[in-house]
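The values are calculated or read from the model by the stated rules, or taken from the named source; none is laboratory data. Everything numeric in this text was worked out from a predicted model, so none of it was measured. Here Cβ is always computed from backbone atoms with ideal geometry, including for glycine, and neighbour counts include all displayed protein chains. To get the accessible areas, we keep the full protein, side chains included, count just its heavy atoms, and leave off ligands, DNA and RNA. Shrake-Rupley method; radii C 1.70, N 1.55, O 1.52, S 1.80 Å.
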Amino acid sequence: MLHDDAVEVLSSWTAPTPEEEALRVEFLEHLRTHDDAMLRECVPGHLTATTAVLSHDGSKVLLTLHPKAKMWLPMGGHCEISDTSLAAAALREAWEESGISGLELLPGPLAVDKHVVWCHPPRSWHLDVEYAAVAPAGAEAVMSEESLDLRWFPVDEIPELSDEATRRLAARGQAALGSGSRMLG
């Protein structure tokens, strides 16, 4: 079911850049050639779900200081067998890593990204499908064991110790929120 959802989501998604269109096609080919493409056990690489958690007004993004990457990144990670969709995996990861209940997922995905990881030494790939979610007003984040630190940053002031994919996702999430888009509560 999760594999089929990923194929459907990526088949119907319009990539906003030529680079992301090439990744979208690559992700679909990976899904076609790997029955286990959604699971961490898929050695060459696997699809993952990431979520930029935005403040209720969209002015800030919650980032985690990732213990392995040593960078400020959005919430996200591996899909689980119990996940019914990419959107559900993205929302679960956001809740687990932020401790914020009542997150509202914006329609997505908003971006895709591919990066090297070390799930299967010497390396493998995360084929990242990226979403954004909005926290309720007054939400208090709770740091998980998967983080060295957890902080809110203004969307236009994400620290240098981050990456362009994080900045892009936060900006696209802010724009989607500004357009009034909402998906799941």
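For the Cα atoms of the chain, what angle does the longest principal axis make with the long axis of helix 2-12, in degrees from 0 to 90, nearest 10?
80 degrees
Can you compute log10 of I(q)/I(0) for region 85-150 with the Debye formula, treating each Cα as one identical point scatterer, at q = 0.19, 0.20, 0.22 Å⁻¹?
With no solvent term, the Cα-only Debye profile gives -0.87, -0.93, -1.03.
Expressed as an acute angle from 0 to 90° and rounded to the nearest 10, what is the orientation of the C-alpha long axis of helix 18-33 relative to the principal long axis of the chain?
50 degrees
For an R0 of 45 angstrom, estimate the FRET efficiency from the Cβ-Cβ distance between Glu8 and Glu160 and round to the nearest 0.05. Provide the component values of the computation, followed by the final result.
Details: r = 37 Å, r/R0 = 0.83.
Result of the calculation: an efficiency of 0.75.
Rounded to the nearest 20 debye, what is the charge dipole size of the chain about its Cα centre when +1 sits on each Lys and Arg Cβ and -1 on each Asp and Glu Cβ?
Working: 14 positive and 30 negative charges, 53 e Å.
Charge dipole of the chain: 260 debye, to the nearest 20.
Relative to the longest principal axis of the C-alpha atoms of the chain, give the angle of the C-alpha long axis of helix 164-178, reported between 0 and 90° and rounded to the nearest 10°.
Value to nearest ten degrees: 60.
Looking at region 1-47, which GluC sites (Glu not before Pro) are DSSP coil and have at most 14 other C-beta atoms within 10 Å of their C-beta? Don't jump to the answer; show the numbers that get you there.
Numbers: sites: Glu8, Glu19, Glu20, Glu21, Glu26, Glu29, Glu41; in loops: Glu41.
Of the GluC sites (Glu not before Pro), the ones in loops of region 1-47 whose Cβ has at most 14 other Cβ atoms within 10 Å are Glu41.
Taking each pair of different alpha-carbon atoms in the chain once, compute 1/r for the pair, average those values, and report the inverse of that mean as the Kirkwood hydrodynamic radius in Å to one decimal.
On the way: mean 1/r = 0.0616 Å⁻¹.
Final number for the Kirkwood radius of the chain is 16.2 Å.
How large is log10 I(q)/I(0) at q = 0.26, 0.30 Å⁻¹ when the Debye formula is applied to the Cα atoms of region 2-55, each weighted equally and without solvent?
Those come out to -1.08, -1.23, one per q.
With a 1.4 Å probe and all protein chains left in place, how much of the accessible area of the chain comes from carbon and sulfur atoms, in whole percent? Before the final figure, lay out each step's value.
Numbers: 4920 of 8940 Å².
Roughly 55 percent, rounded to a whole number.
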